[in-house]
Amino acid sequence: MTDSAKTVCPYCGVGCGLEALPPAQPGKAVHRDSQGNPVWQIRGDRTHPSSMGKVCVKGATVTESLEKDRLKYPMMRKSLDDEFRRVSWDQALETIVNRIQIVHKNQGADALCMYGSGQFQTEDYYIAQKLFKGHLGTNNFDANSRLCMSSAVSGYIQSFGSDGPPCCYEDLELTDCAFLVGTNTAECHPIVFNRLRQHHKKNRQVKMIVVDPRRTQTAEAADLHLAINPGTDIDLFNGIAHLLMLWGYTNMFFIDECTKGFSDYAEVICHYPPELVSRKCGIRIDHLEQAARYWGEAQNVLSLWSMGINQSSEGTAKVRTLINLHLMTGDIGKPGAGPFSLTGQPNAMGGREAGGLSHILPGYRVVNNPQHRAEIEQFWDLPPGSIQPQRGRTAWEMIEGLETSEVGLLWIAATNPAVSMPDIKRTQAALRRSPFTVYQDAYYPTETAAYAHILLPAAQWSEKAGTMTNSERIVTLAPKFRDPPGEARADWEIFAEVGRRLGFEKGFKFKNSAQVYEEFARITTGRPCDCSGLSHERLRTYGPLQWPYPDHWPYLEAGEETEQNRTNKRLYTDFRFNTPDGRARFAAYHSRGLAEPPDEAYPLVLTTGRLYGHWHTQTRTGRIEKITKMHPLPFIEIHPQDAQKLGIQENNLVEVRSRRGMARFPAKITKAIAPKTVFVPMHWGALWASDAEANALTHPEACPSSLQPELKACAVQLKLVTISPETATKSLRGEGLALELKKMLGLSHK
Ligand SMILES: Nc1nc2c(c(=O)[nH]1)N[C@H]1C(S)=C(S)[C@@H](COP(=O)(O)OP(=O)(O)OC[C@H]3O[C@@H](n4cnc5c(=O)[nH]c(N)nc54)[C@H](O)[C@@H]3O)O[C@H]1N2
Ligand SMILES: Nc1nc2c(c(=O)[nH]1)N[C@H]1C(S)=C(S)[C@@H](COP(=O)(O)OP(=O)(O)OC[C@H]3O[C@@H](n4cnc5c(=O)[nH]c(N)nc54)[C@H](O)[C@@H]3O)O[C@H]1N2
Ligand code: SF4
Ligand SMILES: [Mo]
């Protein structure tokens, strides 16, 4: 019998430790999924420092999704109107290599694009950077983190001089004021929320503030819920700063010694008196004052944020104005305090370390810094000038590049853009025009497969060995403990093989992922995200370890308390930041509001987000019975006032239109959503329901600095649809209208 395996959860950025047990256990019936396949069982790993044995429903059920609907063999077709046929790896790879060479010759390197994912392991990310940014000479590698964490990245870089969340989960138990903004932690980062909730329950003096236009499960637990109008966070932060200043809660010593730019900032916050802020945000003045008082009186303020901040056309400004509050009161670099971005995906952090966005390079370097480029060129043994000095295309710019025919080859891996990109009808039309799309995924069908010329089967979590870094900078090794199905291969192996076939043998000689990690770790030496002391071997022996972890440090079991792991728990404990002069930067921003504010024609603000059980586009969770029972159908949350005006009752089918498209959802009438705002989950693409795509409605307007699109808000109108509930349910389950997609995939409909 195979032994159990310790690993890390492949879903969210909390990064819980899991222990996987073989399907057959002595004295027990074999564990099976709903189709009768034997599957591994999961329990929490009590020795993991981040989660200490806890798991949520997603982690607990993940193995039930591993056997169903897998893509097992490479498949190919000439045009999107043909059927896929199975081909050998050799044929598939030769076709890709030829195509890369032709496009490179005729259109130049910048006509090649790869769109990757925070669900890559660090090894996958690293090899993709080496191939695209190094050997092919284009920075056109971007990841779905562009839709997720890029505002946090640019906020950290601009305020502190480099990326990197400065806090750790222990801070959840050491804070006396938790400020949660734009995060539904209870549903999206449940184990982080549990740790905070326990501490909050036990200690009455600890305050919890939640800022969210919806009364989420997270907001239910708060001492104070500020249900602000969508897009008014900067007004709120500047308004709190105004009061902190007025009431003398500023830490002048910290401001003088450790920061720069306070006077310009002080000028800006003068313009945010409570009356104005209360009006703009749509909250009571005494609630605003209460929030400022909680912040000011606390010894240690910890703020947590996620997509309500990042997915905004002023995302970087939101992040930086939140960080301003920490700089103003000196709430950073000490236990229980700091600005803490909750990472969405399991390894978006590793992606940032490996340079996995179109403007960055491995080791928290940036493409527009000549020294950074030179360091990487030298390390990769490439001639000077090989790496381009300007950033590559962002995810959305790749879509635009398909529209203008500037993109000649698009390689998509570990993401499902035909569902998750903004303005999905435009995205789909662009994908349809693509001269050549390679799609590398673990499952078939997915919505994006309908737009691919070549499908490459990817080995996923549990079928390949690699590392992932969670929000608190802890790196865990996820070992291989099952065989991949059919001919599926690890992403990094596929990229390396293409590299060798393109003639770059020397750069891609890796025999296994441990060697890949070894090279990656070396490239981070002396950088803020120094992982040079980490390796697969050491992670296997000592358990999960937190960076920075320089090579000269001794090794210890996780959790062992020494001087060394006390110093790397938090960043900036010496109050010196990664800017040239060591000072953090205040940012003086006025709020600009939503990119597409509501008006007479489209009078409501639509916001989008997640549910506890489902993961994104459902490629895994849509195949797990326990979860589909938990969330069987999509819906739209409408406030009773708005519902009444439109004559909409509970479960009525509602048609939602924006300037870009239409979708339909059954109504869920609830006071949990602010009036004039509606909410739909993002989880239902065309395979799971008909016309229930959140992104049929959203727009791609992005933050000018992070280039992250405003997926959290667009203007919509609502209309009651009069069809029978049976027809509605049928169409929502995808039994009727998703036909076109099924045809494109060559599937007969059920
Ligand atoms: N169950 C589950 N968990 C997940 C995921 C999943 O798919 N399912 N995905 C993971 C990933 S990749 C991510 S990025 C995270 C996302 O985690 P979260 O960001 O917590 O999740 P969302 O539901 O996208 O959005 C959070 C909240 O932002 C609020 N919001 C909307 N507009 C505004 C605004 O203008 N201001 C403020 N302050 N709030 C606003 C919404 O009402 C919503 O409740 O979750 C991760 N965890
Ligand atoms: N309206 C709206 N849209 C959104 C958001 C929102 O809040 N609102 N959130 C945005 C955010 S934050 C995110 S992160 C994105 C997420 O959007 P996507 O990245 O499109 O969502 P997933 O369903 O997680 O897609 C991951 C794919 O990778 C595959 N996969 C899993 N493991 C592996 C592997 O090891 N290798 C390979 N090759 N494939 C693998 C899965 O089968 C799946 O098809 O959505 C964005 N879109
Ligand atoms: S909280 Fe996140 S990492 Fe932990 S088990 Fe749930 S999905 Fe996995
Ligand atoms: Mo995300």
**Request:** Taking the options 243, 276, name whichever one is part of a helix (DSSP H, G or I), away from ligand 2 (no atom under 16 Å from the Cβ) and either open to solvent by less than 20 Å² (accessible area, probe 1.4 Å) or β-branched (Val, Ile, Thr) (or both).
**Result:** 243
**First in segment 442-463 and in the same structural domain as residue 414 (by TED's automatic domain parsing), second anywhere and within 16 Å of ligand 3 (Cβ to nearest atom) and not hydrophobic (A, V, I, L, M, F, W, C), Cβ under 6 Å, 6 or more apart** = 442/460; 443/619; 446/619; 461/10
**Request:** Considering each residue of segment 642-664, count those that are free of Cβ contacts under 8 Å to residues at least 40 places away in the same chain and open to solvent by less than 20 Å² (accessible area, probe 1.4 Å), and give that number.
**Result:** 2
**Asked** Is at least one residue of segment 719-736 open to solvent by 10 Å² or more (accessible area, probe 1.4 Å), at pLDDT 95 or above and in contact with a Lys or Arg (Cβ under 8 Å, 6 or more places away or on another chain)?
**Response** yes
**Asked** What number of residues within segment 595-616 satisfy the criterion of being more than 15 Å from ligand 2 (Cβ to nearest atom) and touching a strand residue (DSSP E or B) at 6+ places or on another chain (Cβ under 8 Å)?
**Response** 7
**Request:** Could you identify the single residue in 123, 170 that is open to solvent by 10 Å² or more (accessible area, probe 1.4 Å) and of a type in the set (Asp, Glu)?
**Result:** 170
**Complete:** Scanning segment 1-57 residue by residue, the ones that are out of contact with any helix residue (DSSP H, G or I) (no Cβ under 7 Å at 6 or more places or on another chain), of a type in the set (D, E, K, R) and in a loop (DSSP other than H, G, I, E, B) total 4
**Prompt:** Could you say whether any residue in segment 290-297 is of a type in the set (Asp, Glu), closer than 17 Å to residue 235 by Cα and surrounded by fewer than 19 Cβ atoms within 10 Å (Cβ to Cβ)?
**Reply:** no
**Request:** Name the single residue, out of those in segment 574-589 being of a type outside the set (A, V, I, L, M, F, W, C) and under 28 Å from the mean Cα position of the chain (by Cα), that is nearest to residue 704 (Cα to Cα).
**Result:** 589
**Request:** Just give me the residues in segment 665-681 being buried (at least 21 other Cβ atoms within 10 Å of the Cβ) and within 16 Å of ligand 2 (Cβ to nearest atom), in sequence order.
**Result:** 665, 673, 677, 678, 679, 680
**Message:** Condition check: without any contact (Cβ under 8 Å) to a residue 40 or more places away in the chain, under 26 Å from residue 466 (Cα atoms) and out of contact with any helix residue (DSSP H, G or I) (no Cβ under 7 Å at 6 or more places or on another chain). Does residue 372 satisfy that?
**Reply:** yes
**Asked** Of the residues 309, 323, 332, which is open to solvent by less than 10 Å² (accessible area, probe 1.4 Å) and in a loop (DSSP other than H, G, I, E, B)?
**Response** 332
**Prompt:** All but one of (1) outside the structural domain of residue 531 (by TED's automatic domain parsing); (2) in contact with a helix residue (DSSP H, G or I) (Cβ under 8 Å, 6 or more places away or on another chain); (3) away from ligand 2 (no atom under 16 Å from the Cβ); (4) open to solvent by 10 Å² or more (accessible area, probe 1.4 Å) hold for residue 159; which doesn't?
**Reply:** (4)
**Request:** Starting from residues that are without any contact (Cβ under 8 Å) to a residue 40 or more places away in the chain and assigned to a helix (DSSP H, G or I), keep the ones in segment 257-273 and report whichever is most open to solvent (accessible area, probe 1.4 Å).
**Result:** 263
**Request:** Please work out if residue 63 is away from ligand 1 (no atom under 16 Å from the Cβ), assigned to a loop (DSSP other than H, G, I, E, B) and under 30 Å from residue 184 (Cβ atoms).
**Result:** no
**Message:** So for segment 682-692 (the condition being aromatic (Phe, Trp, Tyr), buried (at least 22 other Cβ atoms within 10 Å of the Cβ) and under 23 Å from residue 429 (Cα atoms)), does at least one residue qualify?
**Reply:** yes
**Complete:** Scanning segment 46-70 for residues that are over 26 Å from residue 414 (Cα atoms) and without any contact (Cβ under 8 Å) to a residue 60 or more places away in the chain gives 46, 52, 53
**Asked** Say we look at segment 32-68 and pick out the residues that are over 29 Å from the mean Cα position of the chain (by Cα) and open to solvent by less than 60 Å² (accessible area, probe 1.4 Å); which of these is farthest from ligand 4 (Cβ to nearest atom)?
**Response** 36
**Asked** Does segment 132-149 hold any residues that are within 16 Å of ligand 1 (Cβ to nearest atom) and open to solvent by 10 Å² or more (accessible area, probe 1.4 Å), and which are they?
**Response** 144, 147, 148
**Prompt:** Among the residues of segment 608-621, is any aliphatic (A, V, I, L, M) and either at pLDDT below 95 or under 29 Å from residue 12 (Cβ atoms) (or both)?
**Reply:** yes
**Request:** Among the residues of segment 597-621, write down those that are part of a loop (DSSP other than H, G, I, E, B) and within 15 Å of ligand 3 (Cβ to nearest atom).
**Result:** 610, 611, 612, 613, 614, 615, 616, 618, 619, 620
**Complete:** So, first residue touching a residue at least 60 places away in the same chain (Cβ under 8 Å) and on the phi > 0 side of the Ramachandran plot in segment 337-356, second residue of a type outside the set (S, T, N, Q) and away from ligand 3 (no atom under 12 Å from the Cβ), Cβ within less than 6 Å, six or more apart or across chains; the pairs are 338/166; 338/167; 338/332; 355/361; 355/362
**segment 624-641, residues that are away from ligand 3 (no atom under 16 Å from the Cβ) and open to solvent by 10 Å² or more (accessible area, probe 1.4 Å)** = 625, 628, 629, 632, 633, 635, 637, 639, 640, 641
**Fill in**
Just one listed residue, out of 219, 143, is more than 16 Å from ligand 2 (Cβ to nearest atom) and within 22 Å of the chain's Cα centre (by Cα), and it is 219
**Message:** Can you name every one of the strands (runs of 3 or more DSSP E) wholly within segment 409-522 that holds 3 or more residues which are surrounded by 24 or more Cβ atoms within 10 Å (Cβ to Cβ), at pLDDT 95 or above and not β-branched (Val, Ile, Thr)?
**Reply:** 437-441, 454-457
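The values are calculated or read from the model by the stated rules, or taken from the named source; none is laboratory data. Keep in mind the model is a prediction, meaning the values are calculated, not measured. Cβ: placed from backbone, ideal geometry, glycine included. Neighbour counts: every protein chain shown. Only protein heavy atoms, including side chains, enter the accessible area calculation; ligands, DNA and RNA are left aside. Shrake-Rupley method; radii C 1.70, N 1.55, O 1.52, S 1.80 Å.
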